[in-house]
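J.: Here it is, the structure, as structure tokens.
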Amino acid sequence: MNRNQFIRMGSMAKLGGAFFSHSGCKQPVRLKNWAGNIEFSTEKVIRVKSLSELQHVVRNTGKLKIQGTRHCFNKIADSHECLLSLRDMNKVIFMDKERGLVQVEGGITYGELAPILHQNGMALHNLASLPHISIAGAIATATHGSGLQNGNLATSVVALEFIDGNGDLRQLSREKDGERFAGAVIGLGAVGITTKITLKTVPTFDVRQYVFEGLAVEQLYANFESIMSAGYSVSLFTEWRQDVVKKIWVKSRMDEEDLGKSGKDWFGARLSSPDLHTPASNRTPLVVPGPWFERLPHFKMGFVPSSGSELQSEYFVPMELAVEAYRQVNLLGDDIRPHLLISEIRTVAGDDLWMSPAYRQPSLTIHFTWKQETEAVMALLPRIEKALEPFKPKPHWGKLFTIGRKEIESVTERIGAFRDLAHSFDPDGRFRNEFLDTMIL
């Protein structure tokens, strides 16, 4: 596949929506992703409700892919033959408060699990911007929140249970399986179908968040580390203007400094009014403290976060090169803005998971939420990637990018070992698809 063909593979995800009851593999409706501008390549969808049913389907179906909450923006989860939904396998299996562990089935979302954990005095270390996404899907693609000390969501995983390409049940744990576990967690859908996940938790905690507006770009450059470390989770929202960063969201635990207490400007940025986030808003509340799961995401679970009429792309660069990477992208601001809704800048701690874009590398993530202008966006991405080239950018696996296979190989240290691992669990390539064959396997 050439570069232009791969570019045409790209796009996006509609949360929730139509899943179908199991009746063989015959369904009349072609599903789309969140944005609605990508159709899955098959009308065949099976919704399984038990482990034995899942194993039967795997053993008696050709190639297939898991359909999660459809919040990927490229075709990493696409199949030409059959899609499989685990949405009915969404139970909490057990909670071990003493050891701080919870085990869940593969179809559960963060929004479903989080209140249960909180009620039992437990929490996850971080959440993504949306709580609506499935845990298994988020882990498989290295989805993340923000925070200099916070690893991506997959770093909470301590054990996995999955169905391999032969339909057999397999188990891996950090304690017993070391490297193989580290290779399988961010599996990109190539290793197996995740049926159970065991997560390490922390004691529940409360968070308050403030929004500051109008940070001068020169203040950001001069005080970057201080700004990004000002809270438990910090996000910059920018339109790539030479003079100003639009907003900074600072989410702090209650034992951290209360930045809004004095009501003064912060690095010259002004404190935003909490009235912007009314009870009817889909955004999580400002100023008033609340449980971790109601503050760490940007959007409330009970609301559809946006219309879906958008595209998304994201790149990881080494944290020590963050300021210069931001500066280089900012030089393209005049070309970016006509097609941009907003960009979010976050940080992610390094980890030991083979296919993590933050593998052994604390990272800055540069995220773009684009208008649904596919042709213009796909033409612009190579220019952004070229500006980031000196910083060896790594793409988010579930979003749009045009970085080629050779470039991915050059920045993904364990890709060869991952190929071997995926083949060992799926020797016949049952879980492979065009995206994986082109970019990874």
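J.: Which number in (1) surrounded by 22 or more Cβ atoms within 10 Å (Cβ to Cβ); (2) outside any loop (DSSP other than H, G, I, E, B) marks the one condition that Gly187 misses?
T.: Here Gly187 clears every test but (2).
J.: Let me ask something else. Please verify whether Ser173 is in contact with a strand residue (DSSP E or B) (Cβ under 9 Å, 6 or more places away or on another chain) and either of a type outside the set (S, T, N, Q) or modelled with pLDDT of 95 or more (or both), treating the condition exactly as stated.
T.: Taking the combined requirement at face value, the residue satisfies it.
J.: For region 34-43, name all the residues that are crowded, with 20+ Cβ neighbours inside 10 Å and in contact with a Gly (Cβ under 9 Å, 6 or more places away or on another chain).
T.: Selection gives Trp34, Ala35, Ile38.
J.: Also, I was wondering about something else. Of all residues in region 190-226, which are part of a helix (DSSP H, G or I) and either crowded, with 22+ Cβ neighbours inside 10 Å or in contact with a Pro (Cβ under 8 Å, 6 or more places away or on another chain) (or both)?
T.: Scanning region 190-226 gives a single hit, Leu220.
J.: When region 152-178 is examined, which residues are found to be touching a residue at least 12 places away in the same chain (Cβ under 8 Å), in a helix (DSSP H, G or I) and more than 22 Å from the chain's Cα centre (by Cα)?
T.: Scanning region 152-178 gives a single hit, Glu175.
J.: If you don't mind, another one. So for region 190-213 (the condition being within 30 Å of Val323 (Cα to Cα), under 18 Å from the mean Cα position of the chain (by Cα) and modelled with pLDDT of 95 or more), does at least one residue qualify? Write out each step before concluding.
T.: First pass over region 190-213, keeping only residues within 30 Å of Val323 (Cα to Cα): 207-213.
Right, trim to under 18 Å from the mean Cα position of the chain (by Cα) and you get none.
No; the residues of region 190-213 include none that is within 30 Å of Val323 (Cα to Cα), under 18 Å from the mean Cα position of the chain (by Cα) and modelled with pLDDT of 95 or more.
J.: Sticking with this one: Scan region 336-350 and give yes if some residue there is in contact (Cβ under 8 Å) with a residue 12 or more places away in the chain, over 22 Å from the mean Cα position of the chain (by Cα) and part of a loop (DSSP other than H, G, I, E, B), otherwise no.
T.: Within region 336-350, not a single residue is in contact (Cβ under 8 Å) with a residue 12 or more places away in the chain, over 22 Å from the mean Cα position of the chain (by Cα) and part of a loop (DSSP other than H, G, I, E, B).
J.: Look at region 228-258 and say how many of its residues are part of a strand (DSSP E or B), more than 18 Å from Leu127 (Cα to Cα) and in contact with a helix residue (DSSP H, G or I) (Cβ under 7 Å, 6 or more places away or on another chain).
T.: 2
J.: Turning to a different aspect of this structure: Does region 404-428 hold any residues that are part of a helix (DSSP H, G or I), in contact (Cβ under 8 Å) with a residue 12 or more places away in the chain and among the polar types (S, T, N, Q), and which are they?
T.: If the condition is that a residue be part of a helix (DSSP H, G or I), in contact (Cβ under 8 Å) with a residue 12 or more places away in the chain and among the polar types (S, T, N, Q), then Ser410 is the only one that fits.
J.: Just name the residue that is farthest from Leu148 (Cα to Cα) out of those in region 351-403 that are in a loop (DSSP other than H, G, I, E, B) and aromatic (Phe, Trp, Tyr).
T.: Phe401
J.: Right, next: Could you please find all residues in region 373-410 being surrounded by fewer than 18 Cβ atoms within 10 Å (Cβ to Cβ) and polar (S, T, N, Q)?
T.: Of everything in region 373-410, just one residue is surrounded by fewer than 18 Cβ atoms within 10 Å (Cβ to Cβ) and polar (S, T, N, Q), namely Ser410.
J.: Residues Thr347, Thr374: which one is in contact with a Gly (Cβ under 9 Å, 6 or more places away or on another chain) and at pLDDT below 95?
T.: Thr374
J.: Sticking with this one: Within the set of pairs 6+ apart or on separate chains, which have a first residue in region 314-327 that is closer than 12 Å to Glu389 by Cα and at pLDDT 95 or above, a second that is outside any strand (DSSP E or B) and among the small types (Gly, Ala, Ser), and C-beta atoms under 7 Å apart?
T.: Cβ pairs passing all conditions: Phe316/Ala358; Val317/Ala325.
J.: Related question: When you look at Leu421, is it modelled with pLDDT under 95 and within 30 Å of Ala159 (Cβ to Cβ), yes or no? Give the derivation first.
T.: Working: modelled with pLDDT under 95: no; within 30 Å of Ala159 (Cβ to Cβ): yes.
The answer is no for Leu421.
J.: Condition first: of a type in the set (Phe, Trp, Tyr) and over 18 Å from Ala190 (Cα atoms). Can you find one or more residues in region 93-113 that meet it?
T.: yes
J.: Return the pair list, or none, for Cβ contacts closer than 8 Å from residues in region 93-109 that are closer than 10 Å to Thr198 by Cβ to residues that are part of a loop (DSSP other than H, G, I, E, B) and of a type in the set (Lys, Arg), at least 6 apart or on different chains.
T.: Val104/Lys91
J.: If a residue has to be crowded, with 24+ Cβ neighbours inside 10 Å and not polar (S, T, N, Q) to count, how many in region 139-151 make the cut?
T.: 5
Conditions tested, residue by residue: (1) crowded, with 18+ Cβ neighbours inside 10 Å; (2) among the basic types (Lys, Arg); (3) assigned to a loop (DSSP other than H, G, I, E, B); (4) under 19 Å from the mean Cα position of the chain (by Cα).
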residue: Glu81; (1), (2), (3), (4): no, no, yes, no
residue: Arg87; (1), (2), (3), (4): yes, yes, yes, yes
residue: Ile93; (1), (2), (3), (4): no, no, no, no
residue: Glu98; (1), (2), (3), (4): no, no, yes, no
residue: Val102; (1), (2), (3), (4): yes, no, no, no
residue: Gly107; (1), (2), (3), (4): yes, no, yes, yes
residue: Leu113; (1), (2), (3), (4): yes, no, no, yes
residue: His125; (1), (2), (3), (4): yes, no, yes, yes
residue: Pro131; (1), (2), (3), (4): yes, no, yes, yes
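J.: Follow-up. For Ser281, are the conditions met, namely being at pLDDT 75 or above and either hydroxyl-bearing (Ser, Thr, Tyr) or more than 21 Å from Ser134 (Cα to Cα) (or both)?
T.: No.
The values are calculated or read from the model by the stated rules, or taken from the named source; none is laboratory data. Everything quoted here is computed from the prediction, not taken from an experiment. All Cβ positions, even for glycine, are placed from backbone atoms using ideal geometry, and neighbour counts span all protein chains on display.
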